[in-house]
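In what follows, a structure is listed as C-alpha coordinates, so that the remarks can point back to it.
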Amino acid sequence: MGRLIINTEKKKSKINKNIYGHFSEHLGRCIYGGIYVGEDSDIPNVNGMRRDVVEALRQIKVPVLRWPGGCFADEYHWKDGIGPKNSRKKMINTHWGGLVEDNSFGTHEFLEFCRQVGCEPYINGNVGSGTVQEMSEWMEYMTFDGVSPMAGLRRENGHPEPWKIRYFGVGNENWGCGGNMRPSYYADIYRRFQTYVRNYGENKVFKIACGPNGDDYEWTETVMEIAGKFMDGLSLHYYTVPGDWNRKGSAVDFTEEDYYNTLKKTLYMDEIITKHTQIMNRYDPDNKVGLIVDEWGTWYDVEPGTNPGFLYQQNTMRDAVVAAINLNIFNEHSDRVVMANIAQMVNVLQSVILTEGDKMVLTPTYHVFDMYKRHQEAMLVDVYAETEETGKGGYTVPNLSVSASEDGEGVLNITAANLSLDTAYPLECILAGSCMGEHASVEGEVLSAGMNAFNDFSHPEDVAPSGAEGIEVTKEGFKFTVPACSVVHFTVKRQ
Ligand code: AHR
(Lines give C-alpha, C1' and ligand atoms only; values in the text may rest on other atoms or scores of the structure.)
Protein backbone atom coordinates (compact mmCIF):
# COMPACT_ATOMS: atom_id res chain seq x y z
CA MET A 1 0.00 0.00 0.00
CA GLY A 2 1.47 3.34 -1.05
CA ARG A 3 0.68 6.56 0.76
CA LEU A 4 -0.24 9.96 -0.53
CA ILE A 5 -0.02 12.66 2.11
CA ILE A 6 -1.78 15.87 1.20
CA ASN A 7 -1.21 18.83 3.47
CA THR A 8 -4.14 21.14 2.82
CA GLU A 9 -2.70 23.67 5.28
CA LYS A 10 0.28 24.17 3.02
CA LYS A 11 -0.96 26.12 0.03
CA LYS A 12 1.72 26.84 -2.52
CA SER A 13 0.81 28.83 -5.62
CA LYS A 14 -2.31 29.59 -7.60
CA ILE A 15 -2.64 27.34 -10.65
CA ASN A 16 -3.13 29.75 -13.50
CA LYS A 17 -5.98 28.48 -15.66
CA ASN A 18 -3.85 29.19 -18.73
CA ILE A 19 -1.72 26.13 -17.90
CA TYR A 20 -4.63 24.31 -19.57
CA GLY A 21 -4.16 26.27 -22.79
CA HIS A 22 -3.94 25.12 -26.41
CA PHE A 23 -2.12 25.91 -29.62
CA SER A 24 -3.46 26.05 -33.19
CA GLU A 25 -1.34 26.60 -36.28
CA HIS A 26 -1.94 26.83 -40.01
CA LEU A 27 -0.56 23.34 -40.32
CA GLY A 28 -2.16 20.32 -41.95
CA ARG A 29 -5.82 20.03 -40.93
CA CYS A 30 -5.68 21.94 -37.68
CA ILE A 31 -7.36 25.14 -38.87
CA TYR A 32 -8.91 24.08 -42.17
CA GLY A 33 -11.17 21.08 -41.62
CA GLY A 34 -10.43 20.86 -37.90
CA ILE A 35 -11.67 24.21 -36.65
CA TYR A 36 -12.94 26.05 -39.68
CA VAL A 37 -15.03 24.66 -42.52
CA GLY A 38 -16.47 27.91 -43.91
CA GLU A 39 -20.02 29.24 -43.79
CA ASP A 40 -21.12 27.28 -46.87
CA SER A 41 -20.04 23.88 -45.58
CA ASP A 42 -22.52 21.03 -45.05
CA ILE A 43 -20.75 20.38 -41.75
CA PRO A 44 -22.81 22.13 -39.06
CA ASN A 45 -21.10 25.41 -38.28
CA VAL A 46 -21.58 28.85 -36.81
CA ASN A 47 -19.91 31.55 -38.90
CA GLY A 48 -17.74 28.81 -40.43
CA MET A 49 -16.59 27.26 -37.12
CA ARG A 50 -17.43 23.58 -36.55
CA ARG A 51 -20.21 23.27 -34.00
CA ASP A 52 -19.06 19.86 -32.71
CA VAL A 53 -15.49 21.03 -32.13
CA VAL A 54 -16.53 24.27 -30.42
CA GLU A 55 -18.91 22.38 -28.15
CA ALA A 56 -16.26 19.82 -27.16
CA LEU A 57 -13.74 22.57 -26.42
CA ARG A 58 -16.20 24.50 -24.27
CA GLN A 59 -16.68 21.36 -22.19
CA ILE A 60 -12.98 21.24 -21.20
CA LYS A 61 -12.94 24.98 -20.50
CA VAL A 62 -10.12 25.94 -22.84
CA PRO A 63 -8.79 29.14 -21.25
CA VAL A 64 -6.42 30.44 -23.95
CA LEU A 65 -5.50 29.64 -27.55
CA ARG A 66 -2.28 30.47 -29.35
CA TRP A 67 -2.30 31.27 -33.11
CA PRO A 68 -1.23 31.46 -36.01
CA GLY A 69 1.96 29.47 -35.29
CA GLY A 70 4.50 28.03 -34.69
CA CYS A 71 6.86 28.33 -37.59
CA PHE A 72 3.96 29.66 -39.66
CA ALA A 73 3.82 32.78 -37.48
CA ASP A 74 7.16 34.06 -38.76
CA GLU A 75 6.05 33.97 -42.37
CA TYR A 76 2.50 35.16 -41.77
CA HIS A 77 1.53 38.63 -42.92
CA TRP A 78 -1.69 39.46 -41.16
CA LYS A 79 -2.95 41.96 -43.72
CA ASP A 80 -3.25 39.07 -46.22
CA GLY A 81 -5.91 37.57 -43.96
CA ILE A 82 -8.39 40.44 -43.64
CA GLY A 83 -11.06 41.94 -45.90
CA PRO A 84 -13.33 40.23 -48.44
CA LYS A 85 -12.32 36.57 -48.71
CA ASN A 86 -12.25 36.44 -52.50
CA SER A 87 -9.67 39.19 -52.64
CA ARG A 88 -7.38 37.81 -49.93
CA LYS A 89 -3.88 37.01 -51.10
CA LYS A 90 -2.89 33.38 -51.45
CA MET A 91 0.49 32.25 -50.15
CA ILE A 92 2.63 29.12 -49.93
CA ASN A 93 2.80 27.46 -46.56
CA THR A 94 6.49 26.65 -46.96
CA HIS A 95 6.94 24.96 -43.60
CA TRP A 96 3.99 22.65 -43.73
CA GLY A 97 3.59 20.72 -46.96
CA GLY A 98 4.10 23.62 -49.42
CA LEU A 99 0.35 23.97 -49.79
CA VAL A 100 -1.51 27.05 -50.93
CA GLU A 101 -2.86 28.98 -47.96
CA ASP A 102 -5.85 31.02 -49.11
CA ASN A 103 -5.98 33.14 -45.96
CA SER A 104 -9.70 32.57 -45.54
CA PHE A 105 -9.06 32.10 -41.83
CA GLY A 106 -7.45 35.30 -40.56
CA THR A 107 -7.61 37.68 -37.61
CA HIS A 108 -11.41 38.14 -37.62
CA GLU A 109 -12.04 34.40 -37.92
CA PHE A 110 -9.56 33.50 -35.18
CA LEU A 111 -11.07 35.99 -32.77
CA GLU A 112 -14.57 34.78 -33.66
CA PHE A 113 -13.47 31.22 -32.88
CA CYS A 114 -12.09 32.33 -29.50
CA ARG A 115 -15.39 34.07 -28.79
CA GLN A 116 -17.33 30.90 -29.52
CA VAL A 117 -15.02 28.71 -27.43
CA GLY A 118 -14.97 31.27 -24.63
CA CYS A 119 -11.18 31.49 -24.44
CA GLU A 120 -8.65 34.30 -24.56
CA PRO A 121 -6.60 34.79 -27.72
CA TYR A 122 -2.81 34.58 -27.67
CA ILE A 123 -1.47 36.00 -30.91
CA ASN A 124 2.04 35.29 -32.11
CA GLY A 125 3.63 38.05 -34.19
CA ASN A 126 6.10 37.77 -37.06
CA VAL A 127 9.71 38.73 -36.29
CA GLY A 128 11.57 36.40 -38.69
CA SER A 129 10.20 37.81 -41.96
CA GLY A 130 8.06 40.68 -40.71
CA THR A 131 8.64 44.30 -39.86
CA VAL A 132 8.28 46.38 -36.73
CA GLN A 133 5.62 48.42 -38.48
CA GLU A 134 3.62 45.35 -39.45
CA MET A 135 3.62 44.04 -35.88
CA SER A 136 2.78 47.43 -34.46
CA GLU A 137 -0.11 47.91 -36.88
CA TRP A 138 -1.57 44.51 -36.06
CA MET A 139 -2.02 45.54 -32.45
CA GLU A 140 -3.43 48.90 -33.54
CA TYR A 141 -5.87 47.12 -35.88
CA MET A 142 -7.13 44.81 -33.19
CA THR A 143 -7.23 47.03 -30.12
CA PHE A 144 -7.34 50.75 -30.93
CA ASP A 145 -10.71 52.41 -30.42
CA GLY A 146 -9.95 55.91 -31.77
CA VAL A 147 -9.33 57.42 -35.16
CA SER A 148 -6.35 55.83 -36.93
CA PRO A 149 -5.63 54.12 -40.24
CA MET A 150 -5.72 50.62 -38.74
CA ALA A 151 -8.77 51.16 -36.53
CA GLY A 152 -10.51 52.58 -39.62
CA LEU A 153 -9.57 49.51 -41.65
CA ARG A 154 -10.97 47.22 -38.95
CA ARG A 155 -14.25 49.13 -39.02
CA GLU A 156 -14.38 48.89 -42.82
CA ASN A 157 -13.95 45.15 -42.42
CA GLY A 158 -17.04 44.93 -40.26
CA HIS A 159 -15.74 45.08 -36.69
CA PRO A 160 -16.44 48.49 -35.17
CA GLU A 161 -15.49 47.55 -31.63
CA PRO A 162 -11.86 46.82 -30.77
CA TRP A 163 -11.01 43.38 -29.42
CA LYS A 164 -9.23 42.74 -26.16
CA ILE A 165 -5.86 41.12 -26.81
CA ARG A 166 -3.82 40.35 -23.75
CA TYR A 167 -1.25 37.79 -24.86
CA PHE A 168 1.14 38.65 -27.68
CA GLY A 169 4.24 36.68 -28.68
CA VAL A 170 7.14 38.52 -30.31
CA GLY A 171 8.39 35.83 -32.69
CA ASN A 172 8.44 32.03 -32.47
CA GLU A 173 11.46 29.75 -32.26
CA ASN A 174 13.71 32.54 -33.45
CA TRP A 175 16.65 30.23 -32.73
CA GLY A 176 15.33 28.04 -35.58
CA CYS A 177 12.48 28.46 -38.07
CA GLY A 178 11.90 32.02 -36.84
CA GLY A 179 15.15 33.38 -38.29
CA ASN A 180 18.03 31.21 -37.02
CA MET A 181 19.16 33.96 -34.66
CA ARG A 182 21.69 33.84 -31.88
CA PRO A 183 20.34 34.68 -28.43
CA SER A 184 22.00 38.09 -28.07
CA TYR A 185 20.82 39.14 -31.52
CA TYR A 186 17.27 38.02 -30.80
CA ALA A 187 17.30 39.73 -27.42
CA ASP A 188 18.12 43.08 -29.06
CA ILE A 189 15.59 42.53 -31.83
CA TYR A 190 13.00 41.62 -29.20
CA ARG A 191 13.66 44.88 -27.33
CA ARG A 192 13.10 46.82 -30.52
CA PHE A 193 9.96 45.03 -31.76
CA GLN A 194 8.22 44.98 -28.39
CA THR A 195 8.64 48.76 -28.04
CA TYR A 196 6.00 49.27 -30.71
CA VAL A 197 3.55 46.68 -29.44
CA ARG A 198 1.44 49.37 -27.80
CA ASN A 199 -1.15 49.39 -25.07
CA TYR A 200 -4.23 51.16 -26.39
CA GLY A 201 -6.86 52.35 -23.93
CA GLU A 202 -7.69 49.68 -21.39
CA ASN A 203 -5.90 46.97 -23.36
CA LYS A 204 -2.73 45.97 -21.52
CA VAL A 205 -0.51 43.62 -23.48
CA PHE A 206 1.31 40.73 -21.82
CA LYS A 207 4.42 40.49 -24.00
CA ILE A 208 5.98 37.09 -24.53
CA ALA A 209 9.56 36.72 -25.74
CA CYS A 210 10.83 33.70 -27.62
CA GLY A 211 12.44 31.39 -25.12
CA PRO A 212 14.63 28.31 -25.30
CA ASN A 213 14.45 25.06 -27.17
CA GLY A 214 14.23 22.42 -24.44
CA ASP A 215 17.36 22.46 -22.32
CA ASP A 216 19.14 25.33 -24.07
CA TYR A 217 20.00 27.20 -20.86
CA GLU A 218 22.35 29.60 -22.63
CA TRP A 219 19.40 31.03 -24.57
CA THR A 220 17.50 31.76 -21.36
CA GLU A 221 20.56 33.22 -19.66
CA THR A 222 21.31 35.63 -22.52
CA VAL A 223 17.75 36.66 -23.33
CA MET A 224 16.92 37.23 -19.66
CA GLU A 225 20.08 39.26 -19.13
CA ILE A 226 19.58 41.51 -22.15
CA ALA A 227 15.81 41.70 -22.45
CA GLY A 228 14.33 40.35 -19.20
CA LYS A 229 13.09 43.77 -18.12
CA PHE A 230 11.06 44.22 -21.30
CA MET A 231 8.94 41.08 -21.13
CA ASP A 232 6.07 39.60 -19.15
CA GLY A 233 6.61 36.06 -20.31
CA LEU A 234 9.33 33.85 -21.76
CA SER A 235 8.31 30.88 -23.84
CA LEU A 236 9.70 27.34 -23.66
CA HIS A 237 9.22 24.55 -26.21
CA TYR A 238 9.82 20.94 -25.33
CA TYR A 239 8.36 17.98 -27.22
CA THR A 240 8.36 14.36 -26.11
CA VAL A 241 9.97 12.47 -29.00
CA PRO A 242 10.49 8.78 -28.21
CA GLY A 243 13.15 8.20 -30.90
CA ASP A 244 15.18 10.87 -32.69
CA TRP A 245 14.02 13.49 -35.18
CA ASN A 246 14.63 11.13 -38.13
CA ARG A 247 12.78 8.16 -36.63
CA LYS A 248 10.51 9.42 -33.97
CA GLY A 249 8.53 6.20 -33.52
CA SER A 250 4.98 5.13 -34.22
CA ALA A 251 2.05 6.70 -32.37
CA VAL A 252 0.21 3.40 -31.94
CA ASP A 253 2.56 0.56 -32.69
CA PHE A 254 5.07 0.62 -29.83
CA THR A 255 6.54 -1.75 -27.26
CA GLU A 256 6.57 -1.60 -23.47
CA GLU A 257 10.17 -0.35 -23.63
CA ASP A 258 9.05 2.43 -25.99
CA TYR A 259 6.27 3.31 -23.56
CA TYR A 260 8.61 3.72 -20.58
CA ASN A 261 11.17 5.54 -22.71
CA THR A 262 8.46 8.00 -23.78
CA LEU A 263 7.44 8.64 -20.18
CA LYS A 264 11.05 9.09 -19.14
CA LYS A 265 11.46 11.73 -21.83
CA THR A 266 8.28 13.46 -20.71
CA LEU A 267 9.44 13.51 -17.09
CA TYR A 268 12.51 15.47 -18.27
CA MET A 269 10.13 18.46 -18.50
CA ASP A 270 10.43 18.79 -14.72
CA GLU A 271 14.22 19.19 -14.83
CA ILE A 272 14.06 21.61 -17.74
CA ILE A 273 11.54 23.86 -16.00
CA THR A 274 13.48 23.72 -12.74
CA LYS A 275 16.73 24.81 -14.40
CA HIS A 276 15.19 27.57 -16.52
CA THR A 277 13.41 28.80 -13.40
CA GLN A 278 16.72 28.96 -11.52
CA ILE A 279 18.15 31.19 -14.25
CA MET A 280 15.04 33.35 -14.32
CA ASN A 281 15.17 33.69 -10.54
CA ARG A 282 18.59 35.32 -10.83
CA TYR A 283 17.46 37.97 -13.33
CA ASP A 284 13.91 38.28 -12.07
CA PRO A 285 13.90 37.60 -8.32
CA ASP A 286 10.46 39.20 -7.96
CA ASN A 287 8.91 36.67 -10.29
CA LYS A 288 7.52 39.21 -12.75
CA VAL A 289 8.25 37.15 -15.85
CA GLY A 290 6.15 34.03 -16.33
CA LEU A 291 7.40 30.88 -18.01
CA ILE A 292 5.07 30.04 -20.89
CA VAL A 293 5.40 26.45 -22.13
CA ASP A 294 3.62 27.32 -25.34
CA GLU A 295 4.49 24.12 -27.21
CA TRP A 296 4.53 20.73 -25.55
CA GLY A 297 3.31 17.22 -26.28
CA THR A 298 4.26 14.04 -28.07
CA TRP A 299 5.69 14.07 -31.57
CA TYR A 300 5.68 10.76 -33.47
CA ASP A 301 6.04 9.69 -37.10
CA VAL A 302 2.93 10.69 -39.03
CA GLU A 303 0.17 8.12 -39.55
CA PRO A 304 1.13 5.89 -42.50
CA GLY A 305 -0.30 7.19 -45.77
CA THR A 306 -0.80 10.77 -44.56
CA ASN A 307 1.03 13.88 -45.77
CA PRO A 308 4.36 14.09 -43.87
CA GLY A 309 3.98 17.87 -43.71
CA PHE A 310 0.64 17.60 -41.89
CA LEU A 311 1.96 16.02 -38.66
CA TYR A 312 -1.20 13.96 -38.20
CA GLN A 313 -0.81 11.30 -35.51
CA GLN A 314 -3.08 9.01 -33.49
CA ASN A 315 -3.34 9.37 -29.76
CA THR A 316 -3.30 6.43 -27.34
CA MET A 317 -3.52 5.76 -23.63
CA ARG A 318 0.24 6.44 -23.59
CA ASP A 319 -0.54 10.02 -24.65
CA ALA A 320 -3.09 10.31 -21.85
CA VAL A 321 -0.41 9.36 -19.32
CA VAL A 322 2.03 11.82 -20.96
CA ALA A 323 -0.58 14.59 -20.69
CA ALA A 324 -1.30 13.74 -17.04
CA ILE A 325 2.40 13.83 -16.14
CA ASN A 326 3.00 17.14 -17.90
CA LEU A 327 -0.04 18.82 -16.38
CA ASN A 328 0.98 17.62 -12.92
CA ILE A 329 4.46 19.05 -13.53
CA PHE A 330 3.04 22.40 -14.66
CA ASN A 331 0.78 22.54 -11.60
CA GLU A 332 3.76 21.84 -9.36
CA HIS A 333 5.69 24.69 -11.02
CA SER A 334 2.80 27.12 -11.05
CA ASP A 335 4.81 29.69 -9.11
CA ARG A 336 6.72 30.33 -12.37
CA VAL A 337 4.75 28.54 -15.10
CA VAL A 338 1.75 30.71 -15.90
CA MET A 339 0.70 29.27 -19.23
CA ALA A 340 1.16 26.10 -21.27
CA ASN A 341 -0.25 25.28 -24.70
CA ILE A 342 -0.47 21.71 -25.90
CA ALA A 343 0.55 21.20 -29.53
CA GLN A 344 -1.85 21.13 -31.15
CA MET A 345 -5.58 21.47 -30.63
CA VAL A 346 -7.02 19.48 -33.58
CA ASN A 347 -5.53 16.96 -36.06
CA VAL A 348 -1.88 17.87 -35.43
CA LEU A 349 0.60 16.17 -33.04
CA GLN A 350 -0.88 15.45 -29.57
CA SER A 351 -4.39 16.63 -30.36
CA VAL A 352 -7.37 16.59 -28.08
CA ILE A 353 -9.67 16.22 -31.11
CA LEU A 354 -9.40 14.41 -34.44
CA THR A 355 -11.75 15.06 -37.35
CA GLU A 356 -12.44 13.46 -40.70
CA GLY A 357 -15.06 15.15 -42.85
CA ASP A 358 -18.08 15.63 -40.61
CA LYS A 359 -16.85 13.10 -38.03
CA MET A 360 -15.12 14.02 -34.80
CA VAL A 361 -13.44 11.91 -32.16
CA LEU A 362 -12.20 12.86 -28.69
CA THR A 363 -8.76 11.49 -27.94
CA PRO A 364 -7.52 10.04 -24.61
CA THR A 365 -5.65 13.33 -24.14
CA TYR A 366 -8.97 15.20 -24.37
CA HIS A 367 -10.31 13.18 -21.45
CA VAL A 368 -7.28 14.08 -19.33
CA PHE A 369 -7.93 17.80 -19.93
CA ASP A 370 -11.54 17.21 -18.92
CA MET A 371 -10.50 15.40 -15.72
CA TYR A 372 -7.94 18.08 -14.80
CA LYS A 373 -10.02 21.18 -15.51
CA ARG A 374 -10.97 21.70 -11.86
CA HIS A 375 -7.37 22.66 -11.07
CA GLN A 376 -7.85 25.87 -13.04
CA GLU A 377 -7.38 28.88 -10.71
CA ALA A 378 -7.27 26.65 -7.61
CA MET A 379 -4.48 26.72 -5.01
CA LEU A 380 -1.82 24.06 -5.37
CA VAL A 381 -1.44 22.14 -2.11
CA ASP A 382 1.52 20.21 -0.83
CA VAL A 383 1.60 16.50 -1.76
CA TYR A 384 4.01 13.85 -0.67
CA ALA A 385 3.70 10.62 -2.67
CA GLU A 386 5.40 7.38 -1.73
CA THR A 387 6.46 5.99 -5.07
CA GLU A 388 8.21 2.91 -6.38
CA GLU A 389 10.32 2.54 -9.45
CA THR A 390 8.84 0.84 -12.47
CA GLY A 391 9.96 0.32 -16.06
CA LYS A 392 11.45 -2.05 -18.58
CA GLY A 393 14.57 -2.38 -20.69
CA GLY A 394 16.58 0.11 -18.65
CA TYR A 395 13.91 2.80 -18.79
CA THR A 396 13.00 3.44 -15.17
CA VAL A 397 10.33 5.88 -14.00
CA PRO A 398 8.46 6.49 -10.74
CA ASN A 399 5.16 4.63 -10.75
CA LEU A 400 3.09 7.62 -9.70
CA SER A 401 2.69 11.25 -10.78
CA VAL A 402 0.38 13.40 -8.64
CA SER A 403 -0.83 16.92 -7.98
CA ALA A 404 -3.57 18.37 -5.82
CA SER A 405 -5.33 21.69 -5.43
CA GLU A 406 -8.03 23.30 -3.32
CA ASP A 407 -10.63 25.54 -4.90
CA GLY A 408 -12.37 28.59 -3.43
CA GLU A 409 -15.07 26.42 -1.81
CA GLY A 410 -12.54 24.22 -0.03
CA VAL A 411 -13.07 21.33 -2.46
CA LEU A 412 -9.95 19.30 -3.03
CA ASN A 413 -9.09 17.92 -6.47
CA ILE A 414 -6.40 15.29 -6.78
CA THR A 415 -5.09 14.04 -10.11
CA ALA A 416 -2.73 11.12 -10.51
CA ALA A 417 -1.32 8.79 -13.13
CA ASN A 418 -0.17 5.24 -12.52
CA LEU A 419 2.72 4.84 -14.95
CA SER A 420 3.15 1.13 -14.35
CA LEU A 421 1.93 -1.12 -17.13
CA ASP A 422 1.36 -4.17 -14.97
CA THR A 423 0.75 -3.19 -11.36
CA ALA A 424 -2.41 -1.71 -9.89
CA TYR A 425 -1.39 0.47 -6.95
CA PRO A 426 -3.34 0.42 -3.69
CA LEU A 427 -3.20 3.95 -2.42
CA GLU A 428 -3.99 5.34 0.99
CA CYS A 429 -4.64 9.05 0.72
CA ILE A 430 -4.12 10.92 3.99
CA LEU A 431 -5.30 14.50 4.32
CA ALA A 432 -2.92 16.01 6.81
CA GLY A 433 -4.02 19.29 8.35
CA SER A 434 -7.73 18.62 7.95
CA CYS A 435 -9.97 15.73 8.79
CA MET A 436 -12.85 14.23 6.92
CA GLY A 437 -16.14 15.60 8.27
CA GLU A 438 -19.18 13.52 9.05
CA HIS A 439 -20.65 14.18 5.61
CA ALA A 440 -17.39 13.93 3.72
CA SER A 441 -17.57 12.53 0.21
CA VAL A 442 -15.01 11.39 -2.30
CA GLU A 443 -15.87 10.93 -5.94
CA GLY A 444 -13.54 9.84 -8.66
CA GLU A 445 -13.16 9.12 -12.33
CA VAL A 446 -10.70 6.77 -13.99
CA LEU A 447 -9.25 6.65 -17.47
CA SER A 448 -7.71 3.26 -17.96
CA ALA A 449 -6.87 1.14 -20.99
CA GLY A 450 -4.07 -0.83 -22.59
CA MET A 451 -1.13 1.38 -23.51
CA ASN A 452 -1.82 1.09 -27.27
CA ALA A 453 -5.57 1.69 -27.03
CA PHE A 454 -6.97 4.64 -28.96
CA ASN A 455 -10.23 6.10 -30.24
CA ASP A 456 -10.99 6.30 -33.93
CA PHE A 457 -13.98 7.14 -36.06
CA SER A 458 -15.40 3.63 -35.91
CA HIS A 459 -14.53 3.11 -32.20
CA PRO A 460 -14.85 6.56 -30.67
CA GLU A 461 -15.14 5.41 -27.05
CA ASP A 462 -12.56 2.67 -26.61
CA VAL A 463 -10.73 4.98 -24.20
CA ALA A 464 -13.17 6.96 -22.07
CA PRO A 465 -13.38 7.80 -18.38
CA SER A 466 -15.68 5.96 -16.02
CA GLY A 467 -16.69 6.47 -12.38
CA ALA A 468 -14.15 5.23 -9.82
CA GLU A 469 -15.72 2.24 -8.08
CA GLY A 470 -14.59 1.06 -4.64
CA ILE A 471 -13.37 4.27 -3.01
CA GLU A 472 -13.20 3.68 0.75
CA VAL A 473 -13.61 6.85 2.80
CA THR A 474 -11.60 6.76 6.05
CA LYS A 475 -11.22 9.17 8.98
CA GLU A 476 -7.99 10.54 7.53
CA GLY A 477 -8.89 10.49 3.86
CA PHE A 478 -9.65 7.60 1.54
CA LYS A 479 -8.28 4.46 -0.05
CA PHE A 480 -8.40 3.47 -3.68
CA THR A 481 -6.55 1.06 -5.94
CA VAL A 482 -5.28 2.90 -8.99
CA PRO A 483 -5.33 0.59 -12.04
CA ALA A 484 -2.19 -0.01 -14.08
CA CYS A 485 -1.64 2.48 -16.92
CA SER A 486 -4.33 4.89 -15.83
CA VAL A 487 -5.17 8.49 -14.99
CA VAL A 488 -7.45 9.24 -12.05
CA HIS A 489 -9.17 12.29 -10.65
CA PHE A 490 -10.71 12.56 -7.19
CA THR A 491 -12.94 15.29 -5.81
CA VAL A 492 -12.93 15.44 -2.03
CA LYS A 493 -15.58 17.37 -0.10
CA ARG A 494 -14.76 17.31 3.57
CA GLN A 495 -18.01 18.51 5.17
O1 AHR B 1 4.05 22.43 -33.57
C2 AHR B 1 4.78 22.19 -34.74
C3 AHR B 1 6.01 23.07 -34.84
O4 AHR B 1 6.90 22.72 -33.83
C5 AHR B 1 5.82 24.54 -34.66
O6 AHR B 1 5.42 25.18 -35.81
C7 AHR B 1 7.19 25.00 -34.24
O8 AHR B 1 7.14 26.16 -33.44
C9 AHR B 1 7.77 23.80 -33.54
O10 AHR B 1 9.02 23.50 -33.99
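The values are calculated or read from the model by the stated rules, or taken from the named source; none is laboratory data. What you see is a predicted model; the values in this text were computed from it and never measured. For neighbour counting, all protein chains shown are included, and Cβ atoms are generated from backbone atoms with ideal geometry for every residue, glycine included. SASA here: full protein model, heavy atoms, side chains in, ligands and nucleic acids out. Shrake-Rupley method; radii C 1.70, N 1.55, O 1.52, S 1.80 Å.
Miscellaneous remarks
- Taking all protein chains as shown and a probe of 1.4 angstrom, residue 96 keeps an accessible surface of around 40 Å².
- Cross-link partners of residue 89 among lysines (Cα-Cα below 16 Å; sequence separation of 8 or more within a chain): 79
- Antiparallel DSSP beta bridges within the chain, percent to nearest 5: 60 percent
- Rounded to the nearest 20 debye, dipole of segment 249-332 from Cβ charges on Lys, Arg, Asp, Glu: 300 debye
- Distances between placed amide hydrogens fall under 5 Å for residue 172 paired with 127, 128, all partners being 5 or more residues away or on another chain.
- Rolled with a 1.4 Å probe across the full set of protein chains, the surface gives residue 192 an accessible area near 140 Å².
- All Cα pairs of segment 247-378, percent lying beyond 23 Å: 38 percent
- Cα gyration tensor shape for segment 180-282, rounded if a/c is under 1.5, else prolate or oblate: prolate
- Candidate lysines for bridging to residue 493, where Cα separation is under 16 Å - those fewer than 8 sequence places away on the same chain excluded: 475, 479
- Given 204/373; 85/359; 207/229; 90/164; 14/288; 204/288, the pairs whose alpha carbons are separated by over 20 Å: 204/373; 85/359; 90/164
- Ignoring lysines fewer than eight residues from residue 392 along the same chain, the ones with Cα atoms less than 24 angstrom from its Cα are 248, 264, 265.
- Shape of segment 331-373, Cα gyration tensor, a/c cut at 1.5: prolate
- Heavy-atom accessible area with a 1.4 Å probe sorts 57, 153, 99, largest first, into 99, 153, 57.
- Derived scalar couplings ³J(HN,Hα) [segment 131-142; Karplus, 6.51 cos²θ - 1.76 cosθ + 1.60; whole Hz; x for Gly, Pro]: 10, 4, 4, 4, 5, 4, 5, 5, 5, 4, 4, 7
- Principal axis dimensions, largest first and in whole angstrom, of segment 394-495 by Cα: 45, 36, 24
- Using only alpha carbons, segment 240-291 has a radius of gyration to Kirkwood radius ratio (Rg to Rh) of 1.21.
- Percent of Cα-Cα distances greater than 40 Å, calculated over the chain: 20 percent
- Calculated log₁₀ intensity ratio I(q)/I(0) where the Debye formula runs over C-alpha points of segment 109-215, q = 0.20, 0.24 Å⁻¹: -1.05, -1.30
- Whole-angstrom gap from segment 44-79 to segment 284-346, using each part's C-alpha centre: 16 Å
- Segment 316-423 shape via C-alpha gyration tensor axes, a/c threshold 1.5: oblate
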